[in-house]
Amino acid sequence: MPTTTPAALLLLGRSADPRSERGVECPGDLPLPSDPDLVARARAARDRLGDRAFVLGHHYQRDEVIQFADVTGDSFKLAQQAAARPDAEYIVFCGVHFMAESADILTTDHQKVVLPDLAAGCSMADMATHEQVEECWETLAEAGVADTTVPVSYMNSSADIKAFTGRHGGTVCTSSNAKRALEWAFEQGEKVLFLPDQHLGRNTAVLEMGLSLDDCVVYNPHRPNGGLTHQQLRDATMILWRGHCSVHGRFSLDSVNDVRERIPGVNVLVHPECRHEVVSAADVVGSTEKIIKVLEEAPAGSAWAVGTELNLVRRLADRHPDKEIVFLDKTVCFCSTMNRIDLPHLVRTLESLADGQVLNRITVDPETEHLAKLALDQMLRLP
Ligand code: SF4
């Protein structure tokens with residue numbers, strides 16, 4: 001008989017995993033989703049808060065939530081926007097847990113960052129825990145390569161992992177600057193430990209830096225020594241953490257071939273978190289912000305199959321009715337944790353803040369914040 005896994009319980013917002021970067025306990029009562037006044041309630045609470053609150057909405061959020069965002073963007077743009085609003089007492093982050101942590105790191109101490117649902121984590125960020133990464137570093141030390149390895153951590157990682165990266169002289173990167181981050185890292189050392197998304201690391205190293213697939217090894221945190229011998233670690237140039245995005249990782253080469261058959265002349269546009277064979281078969285590869293720009297600039301009448309989160313693809317299709325924009329996969333797939341933030345959670349957050357009560361505040365402890373900021377600042381200094 002199948003048993004319910006801790007991961008499944010977490011997705012349902014139940015149970016708690018002490019190794020997870022996200023919490024799952026949300027205090028207080030939620031308004032009913034069927035309440036016909038939810039939009040009016042959100043507007044009224046937003047008006048009461050005025051400039052004291054700044055609402056950030058990630059591109060993958062639901063329409064019912066994104067309509068209340070003061071600014072929309074990818075995780076890095078939103079963290080920058082939060083930092084640019086020192087007068088806002090409350091930063092309401094409609095995104096996932098690691099993004100709210102980054103906003104807390106980059107904002108001032110008096111600002112309070114709030115995540116409307118604490119169960120809105122990121123499955124990719126959860127694939128690299130602090131404990132596992134420390135263990136990996138010990139393995140690298142035993143193999144004699146820790147001194148020559150530079151950690152590069154994707155923005156989509158917990159504050160703990162960013163702090164680890166800062167402590168070991170590495171940098172954070174985004175999907176837009178991963179190549180520049182790797183170029184910088186290879187000037188500092190001989191190898192890179194890329195966390196936590198193996199696909200972004202591999203795609204950048206192989207397709208943009210000219211490394212071969214044989215230069216890359218995958219460190220599996222669930223196997224002794226990552227499932228690698230010391231010699232394999234010594235021979236590798238890129239040590240990729242075995243993590244992936246559950247949304248982008250589902251696109252396959254079959255999805256690309258199918259859509260090319262269904263829509264002759266279609267352009268395939270995918271995010272670099274997709275698997276290597278998908279990215280290799282695509283026509284254009286780019287970050288969320290690049291995907292938005294490419295579609296804005298595409299000529300009327302052109303056809304696009306887009307491999308990224310479905311809320312965004314739908315919104316882009318609505319925004320550009322003169323172009324044919326379809327989801328790359330036949331099966332719909334939202335980011336389940338991003339989708340946890342819905343109108344009832346937003347209403348509860350805004351109303352409680354307007355009443356002076358701060359629910360679901362996200363804070364990063366000062367030591368972690370200091371080290372994580374070293375890695376974030378290094379990213380900002382990338383040439
Ligand atoms: S889309 Fe992927 S990387 Fe982004 S929050 Fe969801 S699981 Fe994480």
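The values are calculated or read from the model by the stated rules, or taken from the named source; none is laboratory data. Owing to the predicted nature of the structure, the values given are computational and were not obtained by experimental measurement. Here the Cβ positions follow ideal geometry from the backbone for every residue, glycine too, while neighbour counts run over all protein chains shown.
Give me a count of the residues in the stretch 302-312 that are buried (at least 21 other Cβ atoms within 10 Å of the Cβ) and either over 22 Å from residue 203 (Cα atoms) or touching a Pro at 6+ places or on another chain (Cβ under 9 Å) (or both).
Result for the stretch 302-312: 1.
Is there any pair linking a residue in the stretch 156-168 that is farther than 14 Å from residue 194 by Cβ to one that is in a loop (DSSP other than H, G, I, E, B) and more than 13 Å from the ligand (Cβ to nearest atom), with Cβ under 8 Å and at least six apart or on different chains, and which?
Partner pairs satisfying both residue conditions: 158/129; 159/364; 160/129.
Name the residue that is nearest to the ligand (Cβ to nearest atom), counting only residues in the stretch 263-281 that are buried (at least 19 other Cβ atoms within 10 Å of the Cβ) and either within 26 Å of residue 193 (Cβ to Cβ) or among the acidic types (Asp, Glu) (or both).
273
Select the helices (runs of 4 or more DSSP H) contained entirely in the stretch 162-262, then report the ones holding at least 2 residues which are surrounded by fewer than 18 Cβ atoms within 10 Å (Cβ to Cβ) and of a type in the set (Asp, Glu).
Passing ranges, in order: 178-188, 253-262.
Kindly indicate the residue of the stretch 324-363 that is closer than 24 Å to residue 251 by Cβ and of a type in the set (D, E, K, R) and also surrounded by the fewest Cβ atoms within 10 Å (Cβ to Cβ) among those meeting that condition.
330
Check off (1) out of contact with any Cys (no Cβ under 7 Å at 6 or more places or on another chain); (2) assigned to a loop (DSSP other than H, G, I, E, B); (3) crowded, with 20+ Cβ neighbours inside 10 Å for residue 299 and give me the number that stays unchecked.
Of the numbered conditions (1) out of contact with any Cys (no Cβ under 7 Å at 6 or more places or on another chain); (2) assigned to a loop (DSSP other than H, G, I, E, B); (3) crowded, with 20+ Cβ neighbours inside 10 Å, the odd one out for residue 299 is (3).
Does residue 153 fit the bill of being surrounded by 19 or more Cβ atoms within 10 Å (Cβ to Cβ) and either polar (S, T, N, Q) or more than 12 Å from residue 272 (Cβ to Cβ) (or both)?
Yes.
Yes/no matrix, rows are residues, columns are (1) closer than 28 Å to residue 241 by Cβ; (2) outside any helix (DSSP H, G or I):
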{"site": "268", "(1), (2)": "yes, yes"}
{"site": "273", "(1), (2)": "yes, yes"}
{"site": "313", "(1), (2)": "yes, no"}
{"site": "318", "(1), (2)": "no, no"}
{"site": "322", "(1), (2)": "no, yes"}
{"site": "329", "(1), (2)": "yes, yes"}
{"site": "346", "(1), (2)": "no, no"}
{"site": "358", "(1), (2)": "no, yes"}
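If you check every pair at least six apart or on different chains, which have Cβ atoms under 7 Å apart with a residue in the stretch 68-80 that is over 22 Å from residue 173 (Cβ atoms) first and a residue that is of a type in the set (Phe, Trp, Tyr) and away from the ligand (no atom under 14 Å from the Cβ) second?
70/54
Is it fair to say residue 240 is away from the ligand (no atom under 15 Å from the Cβ) and in contact with a helix residue (DSSP H, G or I) (Cβ under 6 Å, 6 or more places away or on another chain)?
Here the answer is yes, as residue 240 does meet what is asked.
What do you reckon, is residue 157 touching a strand residue (DSSP E or B) at 6+ places or on another chain (Cβ under 9 Å), assigned to a loop (DSSP other than H, G, I, E, B), under 30 Å from residue 54 (Cβ atoms) and not assigned by TED's automatic domain parsing to the domain that holds residue 359?
Yes: the conditions hold for residue 157.
Does residue 312 count as in contact with a His (Cβ under 7 Å, 6 or more places away or on another chain), hydrophobic (A, V, I, L, M, F, W, C) and more than 16 Å from the ligand (Cβ to nearest atom)?
Judged against the criteria, residue 312 is not a match.
Would you kindly identify the helices (runs of 4 or more DSSP H) lying entirely within the stretch 46-124 that contain at least 2 residues that are more than 19 Å from residue 366 (Cα to Cα) and away from the ligand (no atom under 16 Å from the Cβ)?
Here the list reads 63-66, 75-83.
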